[in-house]
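> The structure follows.
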Amino acid sequence: MNAQNISAQNADAQNINAQNISAQNADAQNVTVIGLGQMGAALADAFLSAGHRTTVWNRTPGKADALVARGAVLAASVAEAVEASELVVVCVLDHPAVRELLAPVTGSLRGRVLVNLTSGSPEQARAEAEWAAEHGIGFLDGGIMTTPPGIGDSGNMILYAGSPALFAEHRATLAVLGDPVDLGADAGLASLYDAGLLGLMWSVFGGWLHATALAGADGVAAHEFTALANRWLKTVSWFLSTYAEQIDAGEYPGSDATIDVQVATIGHLIEAGEARGIDGRLPRLHLELMREAVAAGHGGDSYARLIEAFRNK
Ligand code: NAP
């Protein structure tokens with residue numbers, strides 16, 4: 001079944017649904033979503049729920065069925081999708097896929113605003129911004145800081161970088177996806193923050209899983225341990241704010257806890273793990289970084305001094 005057939009079959013239902021939804025929202029905008037994988041479908045769904053007139057396109061058109069049943073309009077081509085709205089959101093696998101889809105329709109995109117919510121590197125985002133500028137296309141790059149079930153929840157952040165004026169103009173429409181955070185004019189910053197924040201998430205996951213395995217070896221259920229782990233993370237986040245001030249100042253006074261003390265303390269974690277057959281690679285990495293700082297004469301400093309272990313390799 002091709003896209004046009006699907007479009008035709010659903011046209012009546014679409015019109016009725018779209019009219020009903022728009023009638024509930026006096027601020028309804030035309031919005032296009034290109035890419036209906038797990039994330040793109042959630043984005044389109046949130047625009048529909050907010051009453052926006054939502055046009056969608058996906059390489060595999062069948063993925064649009066549920067959205068069309070909710071009132072989305074399925075475009076028969078990428079060009080038709082782009083031409084339906086001033087605001088065009090693209091969320092596909094990667095940047096090469098974005099370019100492959102959009103390079104043939106630069107004429108249609110001219111004068112519109114492209115919001116790229118496809119993940120990539122800062123360098124790719126900056127290249128995309130340059131490409132957009134060369135073709136007279138407004139551009140924002142985004143980083144989605146949640147999974148699809150979290151789309152539409154204002155407690156979750158969606159990071160944006162690129163033209164502050166375009167961000168201000170479309171902020172209210174984008175806010176239906178999640179809390180829009182403006183990172184300013186450098187189009188690479190959303191991807192840079194995104195990569196860094198995911199790195200933080202993986203480090204937290206690693207520490208939590210290691211600790212949960214340790215506690216589990218003595219019969220503590222994961223949910224029991226995690227209740228306290230979540231409280232502890234609030235305290236840890238306070239440490240981060242304190243240490244961020246030190247990093248910005250370039251001074252790391254060990255006035256709360258020194259690296260020397262933490263070298264001794266992490267020994268307890270490593271020993272407890274060894275006694276229970278728990279993999280010790282993660283805590284041993286932390287110990288190695290701490291020992292480097294001690295060897296360089298910084299044992300009396302705060303843990304924030306370890307920023308230097310990561311810089312400019
Ligand atoms: P997904 O479910 O695998 O969907 C991938 C989408 O990309 C599909 O619409 C697919 O089309 C399309 N696509 C892939 N290659 C293409 C090509 N060459 N030409 C045209 N379309 C192509 O992935 P997803 O989870 O939605 O992720 C999409 C983007 O969102 C990724 O950049 C991802 O990093 C980002 N993201 C995802 C999450 C998450 O939790 N899922 C969170 C934050 C950011 P077909 O349907 O035709 O295959």
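The values are calculated or read from the model by the stated rules, or taken from the named source; none is laboratory data. Computed from a predicted structure; not experimentally measured. A quick note on method: Cβ atoms are made from the backbone with ideal geometry, for glycine too, and the neighbour counts reach across all protein chains shown. For accessibility, only protein heavy atoms count, side chains too; no ligands or nucleic acids. Shrake-Rupley method; radii C 1.70, N 1.55, O 1.52, S 1.80 Å.
> Please tell me if residue 36 is within 12 Å of the ligand (Cβ to nearest atom) and open to solvent by 40 Å² or more (accessible area, probe 1.4 Å). So that I can check it myself, show each step before the final result.
Details: within 12 Å of the ligand (Cβ to nearest atom): yes; open to solvent by 40 Å² or more (accessible area, probe 1.4 Å): no.
No.
> If you don't mind, another one. Inspect all residues belonging to segment 284-293 and state whether any of them is exposed (fewer than 11 other Cβ atoms within 10 Å of the Cβ) and of a type outside the set (Asp, Glu).
no
> May I ask you to verify whether residue 256 is at pLDDT below 95 and within 10 Å of residue 302 (Cα to Cα)? Outline the logic, then answer.
Values: at pLDDT below 95: yes; within 10 Å of residue 302 (Cα to Cα): yes.
Yes: the conditions hold for residue 256.
> Residue 131 fails exactly one of the following numbered conditions: (1) more than 12 Å from the ligand (Cβ to nearest atom); (2) under 18 Å from residue 182 (Cβ atoms). What is the number of that condition?
Result: residue 131 passes all but (2).
> Can I ask one more? Quick one: would you say residue 28 is at pLDDT below 95, in contact with a helix residue (DSSP H, G or I) (Cβ under 7 Å, 6 or more places away or on another chain) and not in a helix (DSSP H, G or I)? Don't jump to the end; show me each part of the working.
On the way: at pLDDT below 95: yes; in contact with a helix residue (DSSP H, G or I) (Cβ under 7 Å, 6 or more places away or on another chain): yes; not in a helix (DSSP H, G or I): yes.
Judged against the criteria, residue 28 is a match.
> Among all residue pairs at least 6 apart or on different chains, which show Cβ distances below 6 Å where the first residue, located in segment 108-122, is in contact (Cβ under 8 Å) with a residue 12 or more places away in the chain and open to solvent by 20 Å² or more (accessible area, probe 1.4 Å) and the second is within 15 Å of the ligand (Cβ to nearest atom) and not hydroxyl-bearing (Ser, Thr, Tyr)?
108/79; 108/82; 112/88; 120/95
> Okay, next question. Which of the residues that make up segment 56-89 are surrounded by fewer than 24 Cβ atoms within 10 Å (Cβ to Cβ) and either under 21 Å from residue 141 (Cα atoms) or of a type in the set (Lys, Arg) (or both)?
58, 59, 63, 70, 78, 79, 83, 84, 85, 86, 87
> Let me ask another. With respect to residue 50, determine if the residue is more than 14 Å from the ligand (Cβ to nearest atom) and more than 19 Å from residue 177 (Cβ to Cβ).
Working: more than 14 Å from the ligand (Cβ to nearest atom): yes; more than 19 Å from residue 177 (Cβ to Cβ): no.
No.
> Residues of segment 1-21 being away from the ligand (no atom under 16 Å from the Cβ) and either modelled with pLDDT of 95 or more or surrounded by fewer than 16 Cβ atoms within 10 Å (Cβ to Cβ) (or both), which ones? Spell out how you get there, then give the answer.
Narrowing segment 1-21 to residues away from the ligand (no atom under 16 Å from the Cβ): 4-5, 7-21.
4, 5, 8, 9, 11, 12, 13, 15, 16, 19, 20 - these are the residues of segment 1-21 that are away from the ligand (no atom under 16 Å from the Cβ) and either modelled with pLDDT of 95 or more or surrounded by fewer than 16 Cβ atoms within 10 Å (Cβ to Cβ) (or both).
> When only residues in segment 94-107 that are near the ligand (Cβ under 8 Å from one of its atoms) and surrounded by 14 or more Cβ atoms within 10 Å (Cβ to Cβ) count, which is farthest from the chain's Cα centre (by Cα)? Outline the logic, then answer.
We begin by selecting, within segment 94-107, every residue near the ligand (Cβ under 8 Å from one of its atoms); these are 94, 96-97, 100-101.
With the extra rule that they be surrounded by 14 or more Cβ atoms within 10 Å (Cβ to Cβ), the set shrinks to 97, 101.
Numbers: 97: 18, 101: 22 Å.
Ranking the qualifying residues of segment 94-107, first place goes to 101.
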